[in-house]
Each structure stands twice: as structure tokens, then as C-alpha cells.
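Before any comments, here is the structure.
The values are calculated or read from the model by the stated rules, or taken from the named source; none is laboratory data. As the structure is a computational prediction, the values presented were derived from the model and not from experiment. Here the Cβ positions follow ideal geometry from the backbone for every residue, glycine too, while neighbour counts run over all protein chains shown.
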């Protein structure tokens, strides 16, 4: 069975480390990005099943990364979860407008993340 791949794009090292610890323990293959431009490069190379994407990042924000991914015929099936401290309804609507599949507000529950991933990957 193919190992499921997840890309974590967040400029906060603590978030990257927490998700890495949580998801590696579950057997997922991970790669990390610290900024938007790096995230886009790694989406193209790594071809993750799921992309966790922070909104506020250097180089390129999460909205622009998401829009670019969802407008690329080869990448548009990537499941994008916006993971951000910006919990306002307007921000969530903007996330949906650029193609985000889900929106999780920080701080998040590790169990919520695991449940979401299992539901998403179980449906693919």
C-alpha cells in the first residue's frame, strides 16, 4: 500500500514540529516548508495527498499558494487544509474562494487533525 504523503507549510517551527511528531508516529510520509514559495516548490516535487497550509507566511501567503495549486491541472486534486490563527468568517470565506478544502483555526486539537486526515485519506 502506498504511504500517504503530507506537506506541512508553516513559518512557525513549533507548529511544524508538533505536526511532524503527531503524523510521523501515524506512519505518514512528511515534508516541511517554511514559506509560501518553498511550499509551492515542494507541492510540485513531493505531490502530497494533503497540504497543511498556513496563511501568514513569508515569500508568498497561503491564499496565493492555494490558488496556484488549485489552478494547476496536475496539482488541483491536492487536498488543502488552511491551518491558521485567522479565525474570522471573512478569512475562512477567502480560503474557500481560493480553493481550500478545509479551514482549521489554531490552536488545534491533535485528535481533530488525525481524525480529519483519516477521513480524507479514507475517502481517496
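Taking the range 92-124 as the range and being on the phi < 0 side of the Ramachandran plot and part of a loop (DSSP other than H, G, I, E, B) as the test, the residues that pass are 98, 100, 101, 106, 107, 108, 109, 124.
The criterion of being modelled with pLDDT under 95 and either within 12 Å of the chain's Cα centre (by Cα) or part of a helix (DSSP H, G or I) (or both) does not hold for residue 30. Could you check, for the range 58-69, whether at least one of its residues is assigned to a helix (DSSP H, G or I), without any contact (Cβ under 8 Å) to a residue 12 or more places away in the chain and either under 14 Å from the mean Cα position of the chain (by Cα) or surrounded by fewer than 18 Cβ atoms within 10 Å (Cβ to Cβ) (or both)? No, because not a single residue in the range 58-69 is assigned to a helix (DSSP H, G or I), without any contact (Cβ under 8 Å) to a residue 12 or more places away in the chain and either under 14 Å from the mean Cα position of the chain (by Cα) or surrounded by fewer than 18 Cβ atoms within 10 Å (Cβ to Cβ) (or both).
For the range 82-101, taking the residues that are crowded, with 16+ Cβ neighbours inside 10 Å and within 14 Å of the chain's Cα centre (by Cα), the one that is farthest from residue 70 (Cα to Cα) is identified as 84. So, in the range 1-24, of the ones that are part of a helix (DSSP H, G or I) and free of Cβ contacts under 8 Å to residues at least 24 places away in the same chain, which residue ends up nearest to residue 104 (Cα to Cα)? The extreme case among them is 16. If only residues of the range 72-91 that are in a loop (DSSP other than H, G, I, E, B) and farther than 23 Å from residue 45 by Cβ are counted, the one that is modelled with the highest pLDDT is 85. Residues that are touching a residue at least 60 places away in the same chain (Cβ under 8 Å), more than 12 Å from the chain's Cα centre (by Cα) and within 20 Å of residue 4 (Cβ to Cβ) were ranked within the range 102-116; the one that is surrounded by the fewest Cβ atoms within 10 Å (Cβ to Cβ) is 110.
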